[in-house]
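Beneath this line is the structure, given in structure tokens, with notes to follow.
The values are calculated or read from the model by the stated rules, or taken from the named source; none is laboratory data. The structure presented is a predicted model; accordingly, all values stated were derived computationally and were not measured. Reconstructed Cβ throughout: ideal geometry from the backbone, glycine too, with neighbour counts over all protein chains shown.
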Amino acid sequence: MSVIQYFPYDHLDVTVGIYKNRVLQTGNDEITLYELRMSHPYKQKVIDADALHSIEHLCLQYIYDRKMQNENVLFFGTMSCRTGCILIVQNMSTSDVVKLIEEMFQYAADFEGELPLLRMSDCGNIYGHDPLQAREEAARYLAVLKSNPQGNCSYYNS
Ligand SMILES: [Zn+2]
């Protein structure tokens, strides 16, 4: 596996958006790590831990429902710093990834009912959730993405 692109960055410069962090080429497969930055570090509040946890469940459910977890999506999870999420995909165009992210967050923003993956066998902390705030945060992030005229995806250092 070889790293063909890597973009170190200064967190002070990271605004809300989607960032392609690195691309790995392994055989014929191209694996790409995206950062979904939902909060501007040190300038905006970090996302509440319970809300971010609920966003993770909702986005995972969206991925599972479309059976993408074994084909294109290798990983979706949250950043420990609570300013966003990580998405790792393989063999997906940037435009398809942006579309997927917008669809996932639309799903989270519109979600009503009981959160998915809420059995103890599915989750390490079923008590740590805030679905209402998750909807608000998802809607807020989505609004920023949709207002970005540059295609919603940037490289660091560009
Ligand atoms: Zn969980």
### Query
Does Ala108 satisfy the criteria of being more than 11 Å from the chain's Cα centre (by Cα) and in contact (Cβ under 8 Å) with a residue 40 or more places away in the chain?
yes
### Query
Scanning for something free of Cβ contacts under 8 Å to residues at least 12 places away in the same chain and on the phi > 0 side of the Ramachandran plot, does the range 49-70 turn up at least one residue?
yes
#### Entry: Selection from the range 37-91 of residues that are farther than 23 Å from Leu24 by Cβ, within 16 Å of the ligand (Cβ to nearest atom) and assigned to a loop (DSSP other than H, G, I, E, B)
Ile47, Asp48, Arg82
### Query
in contact with an Asp or Glu (Cβ under 8 Å, 6 or more places away or on another chain) and at pLDDT 95 or above: does that describe Gly124?
no
### Query
Filtering the range 92-129 down to residues that are away from the ligand (no atom under 16 Å from the Cβ) and of a type in the set (Ser, Thr, Tyr), which residue is nearest to Ser147 (Cα to Cα)?
Ser95
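Can you pull out every residue in the range 113-150 that is among the polar types (S, T, N, Q) and either part of a loop (DSSP other than H, G, I, E, B) or closer than 18 Å to Asp48 by Cβ (or both)?
First, pick out the residues of the range 113-150 that are among the polar types (S, T, N, Q): 121, 125, 133, 147-148, 150.
Hits for the range 113-150 are Ser121, Asn125, Gln133, Asn148, Gln150.
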